[in-house]
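Enquirer: Before I ask anything, let me first share the structure, which is written out below as C-alpha cells.
The values are calculated or read from the model by the stated rules, or taken from the named source; none is laboratory data. Everything numeric here is computed off the predicted structure, so don't read it as measured data. Heads up, the Cβs are rebuilt from the backbone with ideal geometry, glycines too, and the neighbour counts pull from every protein chain shown.
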Amino acid sequence: MKLNIGVIKGDGIGPEIVTEAMKVLDRVGRVYGHELNYTQLLMGGASIDVHGVPLTEETIELAKQSDAVLLGSIGGDAKTSPWYQLEPSKRPEAGLLKIRKALNLFANLRPAVLYDELKGACPLKEEITEGGFDMMIMRELTGGLYFGERSTEVRDGVLTATDTLTYNEDEIRRIAKRGFDIAMKRRRKVTSIDKANVLDSSRLWRKTVEEVAKDYPEVTLEHMLVDNCAMQLVKNPRQFDVILTENMFGDILSDEASMVTGSIGMLASASLNETKFGMYEPSGGSAPDIAGKGIANPIATILSAAMMLRFSFDLDTEADAVETAVEKVLKDGYRTIDIMSEGKTQIDTAEMGDKICAYISK
C-alpha cells in the first residue's frame, strides 16, 4: 500500500520527535510491505523564518494532496522569540488554527492512557489509579469560542473585549456521531460535557447529542457539567471511556487528562475531517528549552503515527504492532528523562526510536 504523508516537523523539539516517528513508520513499511512517500511542509515559526507567515496557501494545498499529515510541534519561547513580536495573526500558533480550518479538521481525538509501567509518574494516589485507565477525549475543533467573532473596542469610555461562542446543530451532530462511533469500538460509553445550566450553546449541545444517541442504542450516554468533569478526572478517571466536548472545554480537559497520565510526552492526538484524512501530532508543546539536546520523549509522536495508520489507512494490525512495541520498551525499563524513575535505564530521543523499531515485527 502507498502511504502519502505530509510532514510538518515544526519548531522546537518537533524535528527531533518527528524524525523518530518517521523512523518507526519506515520500519512498519519494511515489515508489512508498504511504500511511504513523504512531502516536507513548513508551518509555524519555521515557515515565518522562510516565508514571513506561519502558513502559506502552498502548504495547505500540498497538505490536501496528502493522505494524512504528521505534525511535530509549533511555536517557541514567547518571551525571547522574535516570532512573538509579530501581530497575533502572524505568530506560529495562528498557522495551526488556520490549517485546522482549511482542512476541516473538526474532530480531535486525544487518548489518555495510564500505562501500568508508568503508574509511579502519575500524580494521583495509587488507590485512585490502581488498574490504570484508558479514555478518549473527543473535542470539537473548528467551532466555538476560538472561532467566533471577536473585538476589542472602547464602549462608554471603557476598553471592552468580546469573544463570541457559537455552535449550530450540524456542527454538534457531526462531532457527536464521531464520538459515538469511537465508543462503539471501545467500551461503549459516552460522557458528554457541557455547561447546560448556564449557556444556551450548551443546551443546544445537550439536546443534539441526545438526538444522536438514539441511533446508538448500544452506547450508554451520560451528561456531565464541565466543572464536575474537571473534578472527576482527578477523583475517578477510570469511570470515563469517551469524553465528548466542545472546543474550549476540550482544550482544558485534555490537558488535565494528559497530566494525570504522568507525562504529556506520552500522549498522541489525531484531528480528523469527514473523510479518512487526518493530521496527527503529539499533545505536548515545542519545548524550546530542551530543543536540540536529544532528550525529548518521542513516544507521543510515535503513538500519533500509530493513530494515523489506524484511522487514515485502516491498518489496524500495523497500528497494534507500534503500540505493542511501545509497551514492550516500557516493560523492559527504558525511559527518556521525563518519565525516568529509579531502577530504569535512561536513553535519549533517537535510542527510544531505535528500541521501538526493534520490537516491530509480524
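Enquirer: Does Asn197 meet the test of being under 22 Å from Asp241 (Cβ atoms) and either among the hydrophobic types (A, V, I, L, M, F, W, C) or modelled with pLDDT of 95 or more (or both)? So that I can check it myself, show each step before the final result.
Expert: Numbers: under 22 Å from Asp241 (Cβ atoms): no; either among the hydrophobic types (A, V, I, L, M, F, W, C) or modelled with pLDDT of 95 or more (or both): yes.
So Asn197 fails the test.
Enquirer: Test Phe277 against the criterion of being touching a residue at least 24 places away in the same chain (Cβ under 8 Å), at negative phi and not assigned by TED's automatic domain parsing to the domain that holds Lys23, and give yes or no. Outline the logic, then answer.
Expert: Numbers: touching a residue at least 24 places away in the same chain (Cβ under 8 Å): yes; at negative phi: yes; not assigned by TED's automatic domain parsing to the domain that holds Lys23: yes.
Criteria met by Phe277.
Enquirer: Can you name every residue in segment 310-362 that is aromatic (Phe, Trp, Tyr) and closer than 19 Å to Ala296 by Cα? If you could, list the steps in order and put the result at the bottom.
Expert: Of the residues in segment 310-362, the ones aromatic (Phe, Trp, Tyr) are 311, 313, 334, 359.
Residue satisfying the conditions is Tyr334 alone.
Enquirer: Looking only at residues in segment 309-336 that are under 19 Å from the mean Cα position of the chain (by Cα) and small (Gly, Ala, Ser), which one is surrounded by the most Cβ atoms within 10 Å (Cβ to Cβ)?
Expert: The selected residue is Ser312.
Enquirer: Looking at segment 286-362, what helices (runs of 4 or more DSSP H) fall wholly within it and have at least 2 residues that are touching a residue at least 24 places away in the same chain (Cβ under 8 Å) and among the hydroxyl-bearing types (Ser, Thr, Tyr)?
Expert: On the way: elements: 299-311, 316-331, 349-358.
Helices (runs of 4 or more DSSP H) meeting the threshold: 299-311, 316-331.
Enquirer: For Ile339, are the conditions met, namely being in the same structural domain as Arg30 (by TED's automatic domain parsing), surrounded by 19 or more Cβ atoms within 10 Å (Cβ to Cβ) and modelled with pLDDT under 95? Let's see the steps before the verdict.
Expert: Numbers: in the same structural domain as Arg30 (by TED's automatic domain parsing): yes; surrounded by 19 or more Cβ atoms within 10 Å (Cβ to Cβ): yes; modelled with pLDDT under 95: yes.
Against the criterion (in the same structural domain as Arg30 (by TED's automatic domain parsing), surrounded by 19 or more Cβ atoms within 10 Å (Cβ to Cβ) and modelled with pLDDT under 95), Ile339 qualifies.
Enquirer: Let me ask another. Can you tell me which of Glu281, Glu246, Glu256, Glu274 is under 26 Å from Ser201 (Cα atoms), crowded, with 24+ Cβ neighbours inside 10 Å and charged (D, E, K, R)? Steps first, answer last, please.
Expert: Working: Glu281 fails: under 26 Å from Ser201 (Cα atoms); Glu256 fails: crowded, with 24+ Cβ neighbours inside 10 Å; Glu274 fails: crowded, with 24+ Cβ neighbours inside 10 Å.
After applying the criteria, what remains is Glu246.
Enquirer: Still on this structure: Confirm whether Val31 is in the same structural domain as Ser361 (by TED's automatic domain parsing), assigned to a helix (DSSP H, G or I), in contact (Cβ under 8 Å) with a residue 60 or more places away in the chain and over 19 Å from the mean Cα position of the chain (by Cα). Reasoning before the result, please.
Expert: Details: in the same structural domain as Ser361 (by TED's automatic domain parsing): yes; assigned to a helix (DSSP H, G or I): yes; in contact (Cβ under 8 Å) with a residue 60 or more places away in the chain: yes; over 19 Å from the mean Cα position of the chain (by Cα): yes.
Yes; evaluated as a whole, the condition is true for this residue.
Enquirer: Another question, then. Inspect all residues belonging to segment 202-217 and state whether any of them is assigned to a helix (DSSP H, G or I), in contact (Cβ under 8 Å) with a residue 60 or more places away in the chain and of a type outside the set (Ser, Thr, Tyr). First the steps, then the outcome.
Expert: Just the residues of segment 202-217 that are assigned to a helix (DSSP H, G or I), to begin with: 202-213.
Among the residues that remain, those that are also in contact (Cβ under 8 Å) with a residue 60 or more places away in the chain are: none.
Taking every residue of segment 202-217 in turn, none turns out to be assigned to a helix (DSSP H, G or I), in contact (Cβ under 8 Å) with a residue 60 or more places away in the chain and of a type outside the set (Ser, Thr, Tyr).
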